[in-house]
Amino acid sequence: QKYGYFHCKDCKIRWESAYVWCISGSNKVYFKQLCRKCQKSFNPYRVEAIQCQICLRTRCSCPQKKRHIDLKRPHRQELCGRCKGKRLSCDNTYSFKYII
């Protein structure tokens, strides 16, 4: 699981996701994500490890994070290539909440 940055060239929408699934040891993405506006599927233009951007650890207790992650915001299953149409969501099977 990695953190990805997305950009829809048609709608000019940008988004970030902590639910980017890559082949182990690489940045090759398994599942695309859909643009919420035009419903076209995209790979992220950049992926990085899910880690604190201040101390560069996977588990940290930094009081402030550089990256804005809202833990209360639900995972958008209908836009996720991995869990779209499945009963279990990515955030139920494995979650960055336990890493950061």
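The values are calculated or read from the model by the stated rules, or taken from the named source; none is laboratory data. Since the model is a prediction, treat every value here as computed from it, not as a measurement. For the accessible areas, the whole protein counts, side chains as well, though only heavy atoms, and no ligand, DNA or RNA atoms are used. Shrake-Rupley method; radii C 1.70, N 1.55, O 1.52, S 1.80 Å.
Assorted remarks:
- Close amide H partners of TYR19, meaning residues 5 or more places away or on another chain with modelled amide H under 5 Å apart, are GLY4.
- Ranking ILE54, ILE23, ILE13 from most to least accessible surface, computed with a 1.4 Å probe over the protein chains only, gives ILE54, ILE23, ILE13.
- Exposure of ARG14 as accessible area (Å², to 10), given a probe of 1.4 Å and all protein chains: 150
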